[in-house]
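The values are calculated or read from the model by the stated rules, or taken from the named source; none is laboratory data. Quick caveat: nothing in here was measured; it's all calculated off a predicted structure. So basically every Cβ, Gly included, is an ideal-geometry build from the backbone, and we count neighbours across all protein chains shown. To get the accessible areas, we keep the full protein, side chains included, count just its heavy atoms, and leave off ligands, DNA and RNA. Shrake-Rupley method; radii C 1.70, N 1.55, O 1.52, S 1.80 Å.
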Amino acid sequence: FIKGYYRLASAQLESKEYNDAEATIKQGLTIDANNSQLLKMLRTIKQASALSARSNGSKMNNQRQLDTAAARELQELQIQHSNTVREYNLIEANRNKAQREEKMYGISLQELEQNPSSSNNYFRSVGKIFVKSTEPQILEHLNNNIADQKKKQKELTGKLEYMEKKMKSQQLNMKELTSG
């Protein structure tokens, strides 16, 4: 039964009969209120209906009416854009983490150079334990970590630049799609 409601609503959506398509989906939801396909189709219908209403409003002479395929393309672009923004924010958080870690290792290196141990007893953490190490081993470890964090920051900065270009491209595509 549910497949029939979905197919009928899809056909009504393609022919821009938004009210009929919404009524069909709601009728299908009375049978299975939690059906993910029907709920997704209902959101699609409401978005297409809203886009159609906006394009038929005061800007009717200036904008072309979006057909269903363009509305779907716009919806896909919006989803891609939100995923790109989410990925951008994650990369930015990782870059900030690498900057903090580099700073932390730098402070440790400064402290070690300014206040050397008279007993030459040094410990560094390895997971949940502390291992006794020599001063040259600790210095090497800190310098390696600082270099690794700088390399990581450089990689993440390149990724951020790429993601910024990708977001701008997606925004331009959405703008072109809606303005005609």
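In table form, for the structure just shown:
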quantity: Order by protection proxy (mean Cβ within 10 Å, highest first), peptides 169-177, 148-156, 43-51; calculated: 43-51, 148-156, 169-177
quantity: Carbon and sulfur %, accessible surface of the chain computed with the full protein complex present, 1.4 Å; calculated: 49 percent
quantity: Cα principal axis extents for the range 84-180, largest first, Å; calculated: 76, 25, 15
quantity: Candidates K159, K132, K16, ranked by Gaussian network fluctuation over the chain, Cα under 10 Å, top entry; calculated: K132
quantity: On Cα atoms only, tilt of 68-114 relative to the major axis of the chain in degrees; calculated: 10 degrees
quantity: Separation in nanometres of the label points that stand 7 Å from Cα toward Cβ, at E14 and N94; calculated: 4.2 nm
quantity: The chain - mean residue ellipticity at 222 nm from DSSP helices (-39,500 (n - 2.57) per run, n ≥ 4, rounded to 500); calculated: -28000 deg cm²/dmol
quantity: Hydrodynamic radius of the range 1-150 per Kirkwood, over alpha carbon pairs, in Å; calculated: 21.0 Å
quantity: Filtered GluC sites (Glu not before Pro), the range 1-33: DSSP coil and at most 16 other beta carbons within 10 Å; calculated: E17
quantity: For the chain: accessible area per residue (Å², 1.4 Å); calculated: 69 Å²
